[in-house]
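The values are calculated or read from the model by the stated rules, or taken from the named source; none is laboratory data. Since the structure is predicted, the reported quantities are computational estimates derived from the model, not experimental observations. Cβ placement follows ideal geometry from the backbone for every residue including glycine, while neighbour counts extend to all protein chains displayed. Side chains are part of the model used for accessible areas, which takes the heavy atoms of the whole protein and leaves out ligands, DNA and RNA. Shrake-Rupley method; radii C 1.70, N 1.55, O 1.52, S 1.80 Å.
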Amino acid sequence: MRIPLIAGNWKMYKTPDEARVFCERFREIYKDTDVQALICAPAVDLSACSDALKGTDIMLGAQNVYFEKEGAYTGETSIDMIKALGCGFSIVGHSERRQYFGETDATVNKKVHAALEAGLHPIICVGESLEQREMGVTMELVGMQVKAALSGVSAEKVRKCVIAYEPVWAIGTGKTATAEQAAEVCTLIRATVRHLYGARIARSVTIQYGGSMKPSNAAELLAQPDIDGGLIGGASLKSGEFVEIINAANQE
Ligand code: PEP
């Protein structure tokens, strides 16, 4: 049984004070559900979030980590650092990191290994650009991104991975993939995992959809059999909208 995972990605929004205010409000309106709720906050907000969410089952994650344990890597954040602040997850290879910060399939793979080694769940983001969708290469490209991210990952460890299908053209644009488009690619992702690791493991891996998910479209997307949750940017910044999406996942 896969438990739905609804994760907020705050991107570069909210100061620590704003993060604390959000979490205090969120824990008031959040109802304990059968859904796992996760907030991926900026690294500097994690301490405030961790304090404000104490005593709840709302989970915390980072938006990026570096693959080396420690060292002379100015500006980077290590896995031990975010774990010390209560994180159990980190987004890896978000398209904004691939687009603006030089993240590649190879660095994504290194981060996936480092996260799993340290007991952290990586949320591996994959997805095509509009140009790639129009060229008709979505399935090949996403299949390749999944294979590259998981290269060398053992069957035992791959169960800890979350894979988020995030079509780049749908992120922050207000354009959502239709439920059919999202389902088709999420099914391909599960088939790729099945091909690599077998049916039992493929059934256990959590696959999310991300790209302008909001209260009005969440239920339809989350009703698709291979979509086990959402990675939510804009709509996770307002506690009321984020809770509505969690409640929609709880109905499925
Ligand atoms: C994201 O940042 O992963 C995302 C899906 O953003 P948005 O929901 O704003 O499209």
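If you keep only loop residues by DSSP, which GluC sites (Glu not before Pro) in the range 4-76 have at most 16 other Cβ atoms within 10 Å of their Cβ?
Glu68, Glu70, Glu76
Only one residue of Trp169, Ser50, Ser78 has its Cα farthest out toward the positive end of the dipole of the chain, where Lys and Arg carry +1 and Asp and Glu -1 on Cβ, and that residue is Ser78. Using the Stokes-Einstein relation with a Kirkwood hydrodynamic radius computed over Cα pairs, the translational diffusion coefficient of the range 1-63 at 10 °C and a viscosity of 1.306 mPa s comes to 134 µm²/s.
For the chain, the relative contact order works out to 22 percent when only alpha carbon pairs closer than 8 Å and six or more residues apart are counted. Using a probe of 1.4 Å on the protein chains alone, the accessible area found for Glu220 is around 110 Å².
Computed from the Kirkwood radius of its Cα pairs, the Stokes-Einstein diffusion coefficient for the range 135-200 at 10 °C and 1.306 mPa s stands at 123 µm²/s.
Among Glu180, Glu134, Glu103, the largest mean-square fluctuation in a Gaussian network model of the chain (Cα springs under 10 Å) belongs to Glu134.
Roughly speaking, what is the stretch gain from Lys147 to Glu70, that is 0.36 nm per residue apart minus the C-alpha to C-alpha distance, in nm to one decimal? Full extension of this stretch gives 25.0 nm more. In the assembled protein chains, Cys87 presents an accessible area of approximately 10 Å² (probe radius 1.4 Å). The largest accessible area among Leu141, Leu85, Leu221 belongs to the first residue in Leu85, Leu141, Leu221, and the rest follow in falling order (1.4 Å probe, all chains).
Loop-resident chymotrypsin sites (Phe, Trp or Tyr not before Pro) (DSSP state other than H, G, I, E or B) in the range 72-123 with no more than 12 further Cβ atoms inside 10 Å of their Cβ: Tyr73, Phe101. With Kirkwood's inverse mean 1/r over C-alpha pairs for Rh, give me the Rg to Rh ratio of the range 1-145, two decimals please. On the Cα set of the range 1-145, Rg over Rh gives 0.99. Summing Lys and Arg as +1 and Asp and Glu as -1 over all other residues whose Cβ lies under 11 Å from the Cβ of Ser151 gives a net charge of +1. Rg/Rh for the chain (Cα atoms only, Rh after Kirkwood) is 0.94. With protein chains left intact and a 1.4 Å probe, residues in the range 170-245 average 39 Å² of accessible area per residue. Pick from Pro225, Pro167, Pro122: which residue has the top mean-square fluctuation in a GNM of the chain where Cα pairs under 10 Å get a spring? Among Pro225, Pro167, Pro122, the largest GNM mean-square fluctuation belongs to Pro225.
Applying D = kT/(6 pi eta Rh) to the range 121-252, where Rh is the Kirkwood radius over alpha-carbon pairs, T corresponds to 37 °C and eta to 0.692 mPa s, the Stokes-Einstein value obtained is 221 µm²/s. Rounded to 0.05, the FRET efficiency of the Gln251 and Thr178 pair, given R0 = 22 Å and the Cβ-Cβ distance, is 0.65.
Nonpolar atom fraction for the range 143-252, defined as the carbon and sulfur part of the 1.4 Å probe accessible area, stands at 51 percent.
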